[in-house]
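Data block below; observations after.
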Amino acid sequence: MLLELCRTVLERAGMRVHAAAYPDEALRLAGEGGLRPDVLVTDVVMPGIGGPELAERLRTLLPGLPVVMVSGYPADLIEDEVRSRAGVRMLPKPFTPDELVAAVSSYFVPPPSV
């Protein structure tokens, strides 16, 4: 349900979204499927492998892939390693649609004004 809500919010903000319900599906899409996302949005805790491991695996295929990692855990309980990784932005749950869009959009440089 959260996956679909996030997809809807980001699509309404004008972003193209490829959603994967499970980490292994995301890895398959990027590996065999050739998907090259601009940003990965993932939860810290998921069934199977967690968000940090998913991000690390995807970054072997896509070096420098920016990551928005969401978590319902207090920031002080999230490993410093996760919070301090380059290109990883933490987004605490609950978050608003505007906060999600801002976190993802923060990785994109707006075109210069004319």
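The values are calculated or read from the model by the stated rules, or taken from the named source; none is laboratory data. In this text the structure is predicted, and so the values were computed from the model without any measurement. Positions of Cβ are backbone-derived with ideal geometry, glycine not excepted, and every protein chain shown enters the neighbour counts.
The rows are residues; the columns are (1) part of a loop (DSSP other than H, G, I, E, B); (2) touching a Pro at 6+ places or on another chain (Cβ under 8 Å); (3) free of Cβ contacts under 8 Å to residues at least 60 places away in the same chain.
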residue	(1), (2), (3)
M15	yes, no, no
A21	yes, no, yes
D24	no, no, yes
R28	no, no, yes
G34	yes, no, yes
P37	yes, no, yes
V41	no, no, no
V45	yes, no, yes
L54	no, yes, yes
Please state which one of T42, T96 is loosely packed, with under 12 Cβ neighbours inside 10 Å and at pLDDT 90 or above.
T96
Looking at region 60-89, which of its residues are more than 18 Å from E11 (Cβ to Cβ), buried (at least 17 other Cβ atoms within 10 Å of the Cβ) and modelled with pLDDT of 75 or more?
L65, P66, V67, M69, S71, V88, R89
Name the residues in region 19-39 that are closer than 21 Å to L100 by Cα and either loosely packed, with under 13 Cβ neighbours inside 10 Å or charged (D, E, K, R) (or both), would you?
A21, R36, D38
